[in-house]
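Report on the structure given below.
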Amino acid sequence: MKIGHTNEETLKKLWEPAAVRKLGRQLADIATAALTSKGGPVRKPHSEKLAAKIIQRATKKPDLAGLVREVQKASLSLSHPRYGAQQVAAPIPAAALVESVVAAMNQSLAVWEMSPIATAIDRDLMMRFKKLLGYPRTAEGSLVPGGAFANLTALLAARDALEPRASKSGNARIALVVGAQAHYSVARAAAILGLGRDSVFKVPLNQEFCTDVERVHDVFAAARRSGFHKFILIGSAGSTPTGSFDDLVALGQVATKYRAWFHVDAAHGAGLAFSHRFRKRLRGISRADSITFDPHKMMFMPLSAGGVLVRNGAYLTQPLQEQAPYLFGSKREWPDIGQVTIACSQRFDALKTWLVWRAYGGQLWDTLTTHVCDVAEVAFQYCSQSEILEPVHEPHSNIFCFRLRRSHGRESDLRHWAIKEELNESGFGYISSTVLNGRRVLRLVVMNPRTAASDIRAILRRVEQIATARQIRA
Ligand SMILES: Cc1ncc(COP(=O)(O)O)c(C=O)c1O
């Protein structure tokens, strides 16, 4: 497809202010629909076929805004109040809309000279997170694309703190002691950092699906028997499957006893620090040596917005010092952020979170995070009284797993999967599933601040109907 006959014509068509403005307005309308629409199906039926059709038609379609509108209309609707599947948020509108400005300015935070204002804003944001999580000003950290990157970065700092020559020699023998519910990115980070997946030792869970503190000592002993003398202990502050919060105070004490690096993966739950009612779940987090936190989860930022903090900043900066004279080397008040983060091209992801924090204050997240947790509690109450469904646990936050009463064995795994599939394909609601204690269960993750208690009850009623109808058909 030709844009213009000459180079000049092409540049004019793409950059001419009136044309850019027109396109911007059209795209802003589409973004508004994605952010605010509440009706229609959560996911359109036959989405695989729909995707193929859109891709096929795109080659013939010169109407750019029309194409984007088509993609938006066909996509999974996270703004729908009955969306409750995974830990991906219905974004706060201001945060999503500012993304086009971030892309338009295209500041890269690797070096101050490419991002003079963005660097200052990024640092102001990190200072706010330090304060929120009870860290000293001397802690160091950066925004990263998400929790997986944050865990990798924190474990890099931990590895080099415990084995100072590891970055150079590539040799480190360190055991990672983690709850059985830890996110897979921990084992992946162990593999990437040369520690190896075999160095990950899992602690069984207690009845609340938290790391069982009583059994941590046995796991340290097992690691010792395997020849490990240096340890990283990882606590979950909002586990992925059930949103359960470990006892961070107790785990911190265990870490001290074994002289282990203590990392807290609060990718999911750090947002609860804003909630007056639920912040107690994070008690002990400020004692951690490093923390993972994801504003794109319980702070309702659009992807991507992850973050990592290391209490003793030197442990983060040391393994990330590089020689790159075309970038680094200046002595300024502001750091070159490329020296405290793995990425070189570092997107200005700070703006959206900083903007919302400055414009609305932390009270906004107090309201929103508290609300999504309250709504998960409604789901628990509903299932406790249902004759068809039962809770698998009492929710600590906004994730809640439930299952069919009177359904057991492998047959039950298939039934739960089929119910989730039928609900999601219907477009009425959207949930996920996971495996707990070896059996598949249904999982609700409330990530939309506009989801009301009535939406949750409607989803659960529909699940009951689907389960009953499938039982009759069987
Ligand atoms: C506890 C926890 N840690 C880390 C991650 C990975 O985060 P991200 O998807 O932002 O990379 C997740 C994602 O769900 C998580 O729940």
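The values are calculated or read from the model by the stated rules, or taken from the named source; none is laboratory data. As the structure is a prediction and not an experimental result, all values here were calculated from the model. So basically every Cβ, Gly included, is an ideal-geometry build from the backbone, and we count neighbours across all protein chains shown.
Listing for the model above:
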read-out	value
Failed criterion for L389 (all others in (1) among the hydrophobic types (A, V, I, L, M, F, W, C); (2) outside the structural domain of E322 (by TED's automatic domain parsing); (3) out of contact with any Cys (no Cβ under 6 Å at 6 or more places or on another chain) hold)	(3)
Residue in the stretch 261-268 that is closer than 14 Å to L132 by Cα, modelled with pLDDT of 95 or more and either near the ligand (Cβ under 10 Å from one of its atoms) or surrounded by fewer than 24 Cβ atoms within 10 Å (Cβ to Cβ) (or both) present	yes
Filtered residues of the stretch 352-404 (kept if assigned to a helix (DSSP H, G or I), surrounded by 17 or more Cβ atoms within 10 Å (Cβ to Cβ) and basic (K, R))	K352
Residues being modelled with pLDDT of 90 or more, exposed (fewer than 13 other Cβ atoms within 10 Å of the Cβ) and either in contact with a helix residue (DSSP H, G or I) (Cβ under 6 Å, 6 or more places away or on another chain) or part of a loop (DSSP other than H, G, I, E, B) (or both) - total across the stretch 40-62	3
Single condition A166 does not satisfy, out of (1) touching a helix residue (DSSP H, G or I) at 6+ places or on another chain (Cβ under 7 Å); (2) of a type in the set (A, V, I, L, M); (3) modelled with pLDDT of 95 or more; (4) surrounded by 16 or more Cβ atoms within 10 Å (Cβ to Cβ)	(3)
Condition met for T353 (in contact with a His (Cβ under 8 Å, 6 or more places away or on another chain) and either closer than 17 Å to A89 by Cα or outside the structural domain of T119 (by TED's automatic domain parsing) (or both))	no
Answer residue from the stretch 217-247, given it is among the hydroxyl-bearing types (S, T, Y) and either without any contact (Cβ under 8 Å) to a residue 12 or more places away in the chain or in a loop (DSSP other than H, G, I, E, B) (or both) and is farthest from the ligand (Cβ to nearest atom) among those	S226
Leading residue by the ranking (nearest to E394 (Cα to Cα)) among those in the stretch 440-468 that are of a type in the set (G, A, S) and assigned to a helix (DSSP H, G or I)	A453
Matching entry among G338, G271 (being in a helix (DSSP H, G or I), within 16 Å of the ligand (Cβ to nearest atom) and small (G, A, S))	G271
Conditions (1) assigned to a loop (DSSP other than H, G, I, E, B); (2) of a type in the set (S, T, Y); (3) surrounded by 22 or more Cβ atoms within 10 Å (Cβ to Cβ); number of the one not met by T138	(3)
